[in-house]
Every structure is written in structure tokens, then in C-alpha cells.
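K.L.:
Here's a structure for you.
Values quoted throughout were computed directly from the atomic coordinates according to the rules given, and no laboratory measurement underlies them. What you see is a predicted model; the values in this text were computed from it and never measured. Here Cβ is always computed from backbone atoms with ideal geometry, including for glycine, and neighbour counts include all displayed protein chains.
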Amino acid sequence: MQIVYHLGVHCTDDGGLLRVLLRNRALLRQERIAVPEPDRYPDLLRAAASVFAGRAADAAGAEQLLDGLLPGADEDETARLILSFEGFLAFPRDAVTQSQLYPAAAARSRGLAALFPEDGVEFHLAIRNPATFLPALSARRKAKGQEPLPDGFDAQALRWSELLERIHAACPEAGLTVWCDEDTPLIWHSVLRAVSGHDEGIELAHALDLPASLMSEVGQRRMAAWLAETKPLTDAERRRGIADYLERFALPERLEVEVDLPGWTDETVARLTEAYEADCARIAGLPWVRFLTP
């Protein structure tokens, strides 16, 4: 069995990917892809916490986890198991330090892989421009009654490539798929397929919800009509069509992202964005990363 962990990260997905896959569970089941409901995760998370604390996992433990995640009759019929939780690598209060993104990522990814020692493991995650990620994460922390991000640290020193290198070093045999949150509306079909592994010719229900949410009602209707009429069979065809409708019908106010951290200026945002773009170019060159792009 292939175990697929969608790791988030925070402030990139907001549960959208899991919602689409859950709404297509019956269709995916036909392709031997299982998407458990999140209410089946508690035992998994408790086992993960045990492994994170240094206690070894074993095959019997993996079997018990599968019994909880899948109905017994489904285990032999499942080739791919999808698990999505933005807290796998950290909770918001522990997601960033002054020198690193997700400092516990190596130990946690190693622990997640160890939960199923006899199965293949893949990790999937979106990354986001620190110029918008850090303010969004700080706001998330404040909304949970936690301290916001501290003032004065060098956000420009934070690199997603450094995070990915730590995950790879911890789990060199695991597949690693990455995409930019900013690109997600354009490549949403590719992201869904990369995570679930479903056939490219299958059109998932609600797969247009994300790009449609950025458009006017006219654009939404026309894009839905285009999809019904043309029935595209490849991600490239879908991407070209969606890009065209976004270009013509996207609502500017839905594309705007508020950047609000004490002491930040337009120059700060520009510097962080330039560093992020350079970091993405580096990630695209890493041979062990599958980097999804428009």
C-alpha cells in the first residue's frame, strides 16, 4: 500500500483538498484509493505522538492503525491511502522560529513514515511566499489565543528549500511533491491528482470550486459550461481553460492578500518575494522533488 501524507502547510489549503477528495470517495474507491474521514485520525495521531517521543513503531501497530482508518474488508482492496492534516509537522505556535520553518519537520516526517514500516510513503505540501505566509500564520495564532509572531526576526533568512532538505534527509526513500500556494487555482486539478493518484481522465466533482471562488458569477457559469461541453481529458487542457477564465473573470478583491506585520514595509515585502522566487527556482532544481507548476 502507498501511504500519502498531505502535510499542509498552514494557511495554504484550509481543508479544501480533503473536502474535494471526501466528496469523491465513492469514485476514488473504484480506483482502490481510500480517503478516511478525519474522525478516524485520533488513533493515528496518538500513535504518531508516541513515535515522535521516541518509541518504536512495529508492523502490528501499523495493522491496528489500518484497522482504524479502513473498514477491515477494504484493506486488501486499497492501493493508496490519503491522510491530510495541516498539523502533521507542527501546530501553529511551533511552526516558525527565528531561524527555521517547521523546526521539528525532520523528526515528524521520519515518525510518520515509521508508522507504516512495510509500505511506501509520499509527502505532499504547498509552500507560500513568506511575505504573506508569516502574517497569515501570525493572525492564525492570535485567533487561537496564542502569541503572534515576534517582531524583529529576519524573515528573509527562512527558506522552504531548507525545510524540504531536512525532510528528504530524514526520509530519503519517501516521495516528495511540492507546489506554490499562489499557483494552486491554476493547477488545482494537478494537485488533486498528484495527491490522490486518480486517473487523469477522471473529472472529480467540485474540482472547480477553488478557481470558481475567485471569479464573478458570470465567469463561474461560463467555466462550468465550458467544462461540460469540452470534457477535457488531461490536466494541461484543464489548466489552459481555467487560466483563460481566471484571466477574464477573476475579481481583483478576491486575489488581494493583506500583509500586516509590525515594521514591515513595501520594501520588506518586495525583498521577501524576490528571495521566495529564488528559493522556488532552487526547489525546481532538486532532483528528489516533484515540483508542480502552471
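K.L.:
Can you run down the residue pairs with Cβ atoms below 8 Å, 6 or more apart or on separate chains, where the first is in the range 110-127 and touching a residue at least 24 places away in the same chain (Cβ under 8 Å) and under 13 Å from Leu7 (Cα atoms) and the partner is assigned to a helix (DSSP H, G or I) and acidic (Asp, Glu)?
P.N.:
Close Cβ pairs satisfying both conditions: Ala126/Asp181; Ile127/Asp181.
K.L.:
Which pairs have Cβ atoms under 8 Å, sit 6 or more apart or on different chains, and link a residue in the range 156-176 that is hydroxyl-bearing (Ser, Thr, Tyr) to one that is assigned to a helix (DSSP H, G or I)?
P.N.:
Listed pairs, sorted by first residue: Ser161/Asp279; Ser161/Arg282; Ser161/Ile283.
K.L.:
Do we find that Asp76 is charged (D, E, K, R) and either touching a Lys or Arg at 6+ places or on another chain (Cβ under 6 Å) or closer than 24 Å to Val191 by Cα (or both) in this structure?
P.N.:
Against the criterion (charged (D, E, K, R) and either touching a Lys or Arg at 6+ places or on another chain (Cβ under 6 Å) or closer than 24 Å to Val191 by Cα (or both)), Asp76 does not qualify.
K.L.:
Hey, does the range 54-74 have a residue that's touching a strand residue (DSSP E or B) at 6+ places or on another chain (Cβ under 9 Å), acidic (Asp, Glu), surrounded by 12 or more Cβ atoms within 10 Å (Cβ to Cβ) and over 28 Å from Asp181 (Cα atoms)?
P.N.:
yes
K.L.:
Take the residues in the range 185-228 that are under 17 Å from the mean Cα position of the chain (by Cα) and among the hydroxyl-bearing types (Ser, Thr, Tyr), then tell me which one is farthest from Arg239 (Cα to Cα).
P.N.:
Ser196
K.L.:
Checking the conditions here, which among Arg222, Arg238, Arg254, Arg248 is under 17 Å from Pro185 (Cα atoms), touching a Leu at 6+ places or on another chain (Cβ under 6 Å) and in contact (Cβ under 8 Å) with a residue 24 or more places away in the chain?
P.N.:
So the residue among Arg222, Arg238, Arg254, Arg248 that is under 17 Å from Pro185 (Cα atoms), touching a Leu at 6+ places or on another chain (Cβ under 6 Å) and in contact (Cβ under 8 Å) with a residue 24 or more places away in the chain is Arg254.
K.L.:
Same structure again: Which ones in the range 248-264 are loosely packed, with under 10 Cβ neighbours inside 10 Å and within 16 Å of Ser213 (Cβ to Cβ)?
P.N.:
Listed by number, the residues that qualify are Pro252, Glu253, Glu256.
K.L.:
On to the next question. Would you be able to say whether some residue in the range 41-56 is out of contact with any helix residue (DSSP H, G or I) (no Cβ under 6 Å at 6 or more places or on another chain), under 24 Å from Leu192 (Cα atoms), of a type in the set (Ser, Thr, Tyr) and touching a residue at least 12 places away in the same chain (Cβ under 8 Å)?
P.N.:
Yes, the conditions are met somewhere in the range 41-56.
K.L.:
A follow-up question, please. Look through the range 184-242, keep the residues that are within 19 Å of Ala26 (Cβ to Cβ) and touching a strand residue (DSSP E or B) at 6+ places or on another chain (Cβ under 7 Å), and return whichever of them is surrounded by the most Cβ atoms within 10 Å (Cβ to Cβ).
P.N.:
Only one residue fits best here, namely Ser196.
K.L.:
Considering only the range 41-57, state which residues are assigned to a loop (DSSP other than H, G, I, E, B), of a type outside the set (Phe, Trp, Tyr) and out of contact with any Leu (no Cβ under 6 Å at 6 or more places or on another chain).
P.N.:
Hits for the range 41-57 are Ala53, Gly54, Arg55, Ala56.
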